[in-house]
Structures are given as C-alpha cells and as structure tokens.
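The values are calculated or read from the model by the stated rules, or taken from the named source; none is laboratory data. All of these numbers come straight from a predicted model, not from anything done at the bench. As a convention, Cβ positions derive from the backbone with ideal geometry for all residues, glycine included, and neighbour counts pool all protein chains shown. All accessible areas refer to the heavy atoms of the entire protein, side chains included, with ligands and DNA or RNA removed. Shrake-Rupley method; radii C 1.70, N 1.55, O 1.52, S 1.80 Å.
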Amino acid sequence: MSRKIYFTRHGETEDNVISKLSTLPPGPSLTQRGRDQAEELKKNLADLKISKIYSSPLIRAVETSEIINQKYNVEIVRDKRLSELLVGDKEGRNDDKVFEELDVVWKEWSLNNNLSVEAGRNGETAQQVLERGGEFLDELIKSDEDDVLIVAHSGILELLLGHKCCNLEPIFCYENWFRNCQIVETEVCGDSIFCTKWGDMEIPEAK
C-alpha cells in the first residue's frame, strides 16, 4: 500500500478574522472557532493511521497539531522549514491594497513561474520557500516513515504542493486557496508525491 502524506492548514486566528498578514514567529493563537475547526478536523481524520505529526513552530500550527494529537498520541516534530512564507514589509497590514499587491506576486509565481519575486520588501521569494520546504519534503519522501500529517500555513503549502505534486500545477493551488483546517491527501510515488484529494475534490493522477 502506498505511503500517504497528509497536509493541513492551522485553524483560524484573530489575525485571520481581520485579514491581517501575520507571518513572523511566534504569531497569534487560535480563536475559539479555530480550536473548533481543529476538533472537527480531528474527527475527520479519525479513520486515518497517522504515525507522526510534523508542525510549523508557529503557535497556531502547534496548537492545531496538539488538538489533533489528542486522537493519535504520537510524536509532534516542530520543523522551522515549515514556517509561513515571510511577507517582509507587508507584515501586519490588512488593507485592500496589500492584498492587491500580493495577488500580483502570486500571479508572477503561479502564471509566469517568476519565483525570484519577493513577497514583500525584505520578505521571502517563492524560490527560497521552496528550497527550505522542499528540502524537508524530500527528506520525508526518502525516509521509511509510515503515513504522516503536516500542519503548516497557506502560503508555504500552496507553493509546496503546486511545485512538488507531480499531478498539480501552481495555478491550481492559486485558484483553490488552502482553507483553515482543510485536508489535502497525497501519496508517495518513488521520489515524488501526487495529490489524490484536495479537500473534497478528487484529483486525477496524471498531470
């Protein structure tokens, strides 16, 4: 049977509620709704065999992991390579203009494959995020781990899955943004992974 790697985004935070960009550690905690989302995710994952949870070190991801782990009681490994994409001078903003600016950046990454563009001045480029996140994922793929869960953030997960899944394109991830506590299922195939489910969507194997 193929090994599975599951990905999820953390639950809602206060900054999510007001659409405030919050990418620096340690970051905000979960709201009560965010905790409820994590509880619901725990129920939805109940039939899966998870041998380990890998988490971003940011508080919201750790809290989400700990709630899910009430079901599994497995090791939670925090890895800074799973931290959120840093937006630089856009940090802390929640105005309409900043999201228009970020949309331009994401289109450069997703449509034009211009991965050297910074998310914001003094922020990370897509290439930098893919290098650190890809290093982590490559190590995991090559390991003899059983099925695992990765709890991280929308920015890094959008980039990782769009570039590392052999049957997805970056534009697909851009058009199907990662929701709080949404689950994505992938299977390991040789030295790569392919996506089988994106939330409720079944994904065909061939790219």
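Basic side chains Lys and Arg get +1 at the Cβ, acidic Asp and Glu get -1 at the Cβ, and with that the dipole of the chain about its Cα centre reaches some 340 debye.
Sequence-distant contacts, meaning Cα pairs under 8 Å at least 6 residues apart, place the relative contact order of the range 126-207 at 26 percent. For the range 1-112, the residue among Pro26, Val87, Ala61 whose Cα projects farthest onto the positive side of the dipole built from Cβ charges is Ala61.
For the range 1-118, what is the accessible area per residue in Å², given a 1.4 Å probe and the full set of protein chains?
Per-residue accessible area for the range 1-118 comes out at 52 Å².
Spatially, the range 12-84 and the range 125-170 are offset by 17 Å when compared through their Cα centroids. Considering Cα pairs under 8 angstrom that are at least six residues apart, work out the relative contact order of the chain and quote it in whole percent. Rounded, it is 28 percent for the chain. Binning all Cα-Cα separations of the range 151-205 at 5 Å, short to long from zero, yields these whole-percent fractions: 4, 20, 35, 29, 10, 2.
Could you work out the Rg to Rh ratio of the chain, with Rh taken as the Kirkwood radius (inverse of the mean 1/r over all Cα pairs)?
On the way: Rg = 16.0 Å, Rh = 17.1 Å.
With Rg and the Kirkwood Rh in hand, the quotient comes to 0.94.
Restricting the calculation to Cα atoms, the range 103-207 shows an Rg/Rh of 0.95 when the hydrodynamic-style radius is the Kirkwood one. Size check on the range 10-98: the Cα extents along the three principal axes, sorted descending, read 43, 26, 16 Å.
Å³ per residue of the Cα convex hull, for the range 1-61? Write down the numbers at each step before the final one.
Details: hull volume 5.7 nm³, N = 61.
Considering the Cα atoms of the range 1-61, their hull volume per residue is 93 Å³.
Backbone amide hydrogens, once placed in the peptide plane, bring Gln182 within less than 5 Å of Arg9, excluding anything fewer than 5 places away on its chain. Taking the protein heavy atoms of the chain in the context of the full set of protein chains, the accessible area attributed to carbon and sulfur is 46 percent at 1.4 Å.
Take every DSSP beta bridge with both residues inside the range 41-176 and express the antiparallel ones as a percent of the total, to the nearest 5. Mind dumping the intermediate values first?
Values: 1 of 9 bridges.
So the antiparallel bridges amount to about 10 percent of the total.
Based on alpha carbons, the Rg and Dmax found for the range 49-161 are 15.5, 46 Å.
Taking the mean number of other Cβ atoms within 10 Å as a proxy for protection, how do you rank 67-74, 7-14 from highest to lowest?
Values: 67-74: 16.4, 7-14: 24.6.
With the highest mean Cβ count within 10 Å placed first, the list reads 7-14, 67-74.
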